[in-house]
Each structure stands twice: as structure tokens, then as C-alpha cells.
1. For region 68-185, which helices (runs of 4 or more DSSP H) that fit wholly inside it have 2 or more residues that are touching a Phe, Trp or Tyr at 6+ places or on another chain (Cβ under 9 Å) and free of Cβ contacts under 8 Å to residues at least 60 places away in the same chain?
2. Please specify each residue of region 123-169 satisfying the condition of being within 14 Å of PHE111 (Cβ to Cβ) and under 13 Å from the mean Cα position of the chain (by Cα).
3. For LEU144, state whether it is aliphatic (A, V, I, L, M) and within 30 Å of ALA92 (Cβ to Cβ).
4. Restricting to region 47-64, and then to whatever is crowded, with 18+ Cβ neighbours inside 10 Å and among the small types (Gly, Ala, Ser), can you tell me which residue is farthest from the chain's Cα centre (by Cα)?
5. State whether one or more residues within region 25-41 are out of contact with any helix residue (DSSP H, G or I) (no Cβ under 7 Å at 6 or more places or on another chain) and either over 17 Å from CYS154 (Cα atoms) or among the basic types (Lys, Arg) (or both).
6. Go through the residues of region 44-54 one by one and say whether even a single one is closer than 18 Å to LEU144 by Cα, outside any strand (DSSP E or B) and not hydroxyl-bearing (Ser, Thr, Tyr).
7. Taking ARG185 as meeting all but one of (1) out of contact with any helix residue (DSSP H, G or I) (no Cβ under 8 Å at 6 or more places or on another chain); (2) among the charged types (D, E, K, R); (3) modelled with pLDDT under 90, write down the number of the exception.
8. Select, from SER74, SER95, SER85, the only residue that is among the small types (Gly, Ala, Ser), at pLDDT 95 or above and either out of contact with any Pro (no Cβ under 6 Å at 6 or more places or on another chain) or farther than 23 Å from ALA150 by Cβ (or both).
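The values are calculated or read from the model by the stated rules, or taken from the named source; none is laboratory data. Treat the numbers as computed from the prediction; the structure is a model and nothing was measured. Using ideal geometry, Cβ is built from the backbone for each residue, glycine included, and neighbour counts are taken over all protein chains shown.
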Amino acid sequence: MRAQGADAARYSLPAIALHWLMAALLFWQIAIGLYMVDLPKRTPAVAYFYNLHKSFGLVALMLAVIRLWWRFRSPPPRSLGLHASALEEKAAQVSHRLLYACMLLIPLFGFLASNFGKHPVRFFGYVLPQLGWDSPLLQSFFRLSHASLAWLLCGLIAVHVFAVGRHLLNSGGLILQRMLPRLWR
């Protein structure tokens, strides 16, 4: 039988589902983003992958908003006190805030870059209304911001995975169990 304290330290099922769905979507978006930028310009393949990336980017933005809403509605469980120091605890808090900021800003900036460019945003084939005008300066700003934050996100994900691995070794898996569905533990 499980201790009540262990359940109190778990994330809620919606938080777990949103975490893993977002993780899979971010992995997909990073992979397709890296792939599509090396494709020959003005080809059907590049148009296909850019449109796919934009569509899933809007899904990611919607999921990030839902995830942030859920986080405010249902705060994370209490800390297990596994951090080595107050500095490490603060670093974890800052990195989580940066992850959320990236999850919101990257798709938003990608969407804005498209809205200030010549190519419309297609959401799985449906052309969305253009919210901006053709502005190479604004498009460049939002594209650079989108790409720069995407690289920051890659670094934050690496730090996140490293921290989980470190806690796995130090705590016997308590950290990971908090974010796994009950069936996988």
C-alpha cells in the first residue's frame, strides 16, 4: 500500500498529461524545425513542412496556454526537499519559469513572424486571417526571436533532463514518479 504523503507529492493527471503531450510536441517541433530550414527554398517539400510546423506550433501555443492556466488553477505538489541547496531550489524555479516562457513565446513569435511576412499561416490547410502587414523588419525580429528562444529551449530541456537524471540517481526515482502516469510506475 502506498503512503498518503507519496500521493500528495504527485502531480495531477491533467498536469501529467499536459507535460508529456507538450514534451512530445516540443520534440516534434524541434526536429521538424531543424529539418525544414535545410530544405531547398521554394519547393513543395519546404512549403509542406513549414505549414506543418506552423500548424503544430499553434497547437503548442494553445497547449501552453492551457498548461499555464492549469498550473495556476492547480499548483504543483509540495517540494520533496531533494535539492542540495537553496540555490539549487531557486535554479529549479527559474528554469521552470523559463521553460513556460519559451513554451508561450516561441510559437507566439513564430505566428507573428508569419503574420508580418508574405506567407499566410495555414492551420492544417485552413488559411488564417493575416493579422499584420508585409514588414521585413518585424518579420526578421520575430523570426530571430523565435529561433533564439528555440535554441534556449533546447538548452533548458537538456538541463531539465539532466536534473531529472541526477535526481533519479540521488532519490531512487521519486522525482520521476511524480510526473509518470500510475500505469508506468
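1. Hits in region 68-185: 86-115, 136-171.
2. Hits for region 123-169 are HIS146, LEU149, ALA150.
3. yes
4. GLY57
5. Yes.
6. Scanning region 44-54, I find at least one residue that is closer than 18 Å to LEU144 by Cα, outside any strand (DSSP E or B) and not hydroxyl-bearing (Ser, Thr, Tyr), so the answer is yes.
7. In the conditions (1) out of contact with any helix residue (DSSP H, G or I) (no Cβ under 8 Å at 6 or more places or on another chain); (2) among the charged types (D, E, K, R); (3) modelled with pLDDT under 90, ARG185 misses (1) alone.
8. After ruling out the rest, the residue left standing is SER95.
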